[in-house]
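Just so it is clear, none of the values below were taken in a lab; they were calculated from the coordinates. Predicted, not measured: the structure shown is a model, and the values here were computed from it. Neighbour counts are summed over all protein chains in view; Cβ atoms, including those assigned to glycine, are modelled from backbone coordinates with ideal geometry.
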Amino acid sequence: MLLSEDEWKPLQQERLFFDWDAYTAEAEFHLKRRDFGLYRNAKYYLLETGYALHKFSPYGMLVKCFELYYLDFSGPNNVHNSSSCPAFKQYAFIAPALLGWIEVAVEEYPQTLEQYEQIFLTEMEKVRLPEQKTLPKTAWNKLKKEIKKYLEYSDE
């Protein structure tokens, strides 16, 4: 059966329906246990599904992407049985799929590089992970290189 995009969207949303509150609670559960890697994964799933279900404004989508970048950059790990939460920046892995989401968010919420920096720094100050050692400015300095590429590409 062939469907138009308008006919297909409601079917896609029905297929993607899930209990948003339960999944948010799962993310919070991992955060309380200091399982930051699992917390990050739950937040990533919320990003994907929230985007598919049109749950975010373009600004909200950008902030969610920035938050995941900040978590990845900080080296999320699962240390609930430890008294410390070291940030292993030298081992940080930024998932290529996340960089793709950031590119989408930049396309959907066009700003200058300086405006993206202000958004990142302001919003990431709100992200409070116990004993987080990575400063938002440190994470931004690496992310801005990626965003510059997206902005240059969009100008072509």
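7 Å from Cα along Cα→Cβ at both ALA95 and GLU28: what's the point-to-point distance in nm?
Result for the modelled spin labels: 2.2 nm.
Per residue of region 134-149, in order, report the coupling 6.51 cos²θ - 1.76 cosθ + 1.60 (Karplus, θ = phi - 60°) as ³J(HN,Hα) in whole Hz, putting x for Gly and Pro.
7, 7, x, 4, 5, 5, 4, 4, 7, 5, 4, 5, 5, 5, 4, 4
Suppose the chain between ASP21 and HIS54 were pulled fully straight at 0.36 nm per residue; how much longer would it get relative to their current alpha carbon spacing? Walk me through the numbers before you get to the answer.
Working: separation 33, 0.36 × 33 = 11.88 nm, distance 1.58 nm.
That pair, ASP21 and HIS54, stretches by 10.3 nm at full extension.
So what J values fall out for region 103-119 if you push phi through Karplus, 6.51 cos²θ - 1.76 cosθ + 1.60 with θ = phi - 60°, rounded to Hz, Gly and Pro as x?
Per-residue couplings from phi come out as 4, 4, 4, 5, 5, 7, 9, x, 9, 7, 4, 5, 5, 4, 4, 4, 4 Hz.
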